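Have a look at the structure below, then the notes.
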Amino acid sequence: MALARARRDVGMNYWPGFVDALSTLILGIIFLLSVFVVVQFYLTQEVSGKDTALNRLNAQIAQLTELLSLEKTGKLSLEEQLAQIRSSLSSAEGERDRFKGLYEGAGSGEAAAQGKLNEVSGQLDAEKRLSARALAQVEVLNQQLSALEDALDATQQKDKESQARIADLGQRLNVALAQRVQELSRYRSDFFGRLRTILGNRPDIRIVGDRFVFQSEVFFDAGKATLDKPEGRAELDALAGALLDLEKKIPGEIGWVLRVDGHTDVRPINNPQFKNNWELSAARAISVVQYLISKGVSPQRLVAAGFGEFQPIEPDKTEEAYARNRRIELKLTER
């Protein structure tokens, strides 16, 4: 609505200025016409005065002519006076003709001024018509703008309601996720407790945070990714049994997976089967996952990942540190 008022204000400020300009032009034209009328008046008075002088001179000529017939002796002087009078008469007539030309010029200027006035009046009428149409268009635009503002207000109100619903749904989702995380944490604790009981207190199997860590030597020979060791397969059998029991207990709507991570030490591998430690670590993780699947664990609950030598837990360059970094980690987490 503020924009609409601003547009109306701009239209009203434009019109008085335009009218003032036209009024000034018309007043100037009227002033010129007044000057022409005053000049015409004085020219008329001057011409009338010359006509009066001419009549007086004609009367004098008549008197002189009568005196000439009566006084023969003053004939020469009278003829000279008559010539002078006639010269003055010619001059007077020339002046009269000049003033008549000026009068006629003034008349033509008046006609031109009248024509100009008529032209300006026509332009003023045209501008008034254009201004009326412009005002009508502004009014239509104001109505459209008002309708758009109403629609925008309605849209903003709906957007606020939608944002409120989204915030409410987000809060509900966060609560539900928190509940599921808590529930998954409870099952993870049960799973880790059972694995701890099954696996016992072996030095090559330890718990680090939320992960079970197996030394690679439990399952694999050096530089290999095949499960050739019977004791390693036995440990995985126990792990598969625990996972199968866990699948029965955890509700299906809780998305959980067992992530199997393979790690190596920093020493480069010298083996034609694997180009680098990354391939070796990934192959070992995949071997563990495939063995668990063969024991009935759902593939949807398993993830294999290889980290190579890039996630060490011991920075030292000793054989003990290298052995601790060569490992398989199991982590029960969300999908």
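The values are calculated or read from the model by the stated rules, or taken from the named source; none is laboratory data. From a predicted model like this one, the values you see are computed outputs, not experimental measurements. Please note: Cβ atoms are built from the backbone with ideal geometry, for glycine as well, and neighbour counts cover all protein chains shown. For accessibility, only protein heavy atoms count, side chains too; no ligands or nucleic acids. Shrake-Rupley method; radii C 1.70, N 1.55, O 1.52, S 1.80 Å.
The heavy atoms of VAL140 offer some 70 square angstrom of accessible surface to a 1.4 angstrom probe. For ILE254, the solvent-accessible surface computed with a 1.4 Å probe is close to 10 Å², ligands and nucleic acids excluded.
Taking the average, over residues, of other Cβ atoms within 10 Å as the packing measure, peptides 297-308, 149-160 rank 297-308, 149-160 from highest down.
Can you pull the percent of the stretch 201-270's accessible area that's carbon plus sulfur, 1.4 Å probe, other chains left in place? Write down the numbers at each step before the final one.
Numbers: 1630 of 3140 Å².
Carbon and sulfur: 52 percent of the exposed surface of the stretch 201-270.
Using a probe of 1.4 Å, the accessible surface attributed to SER34 totals some 60 Å² when neighbouring protein chains are kept in position.
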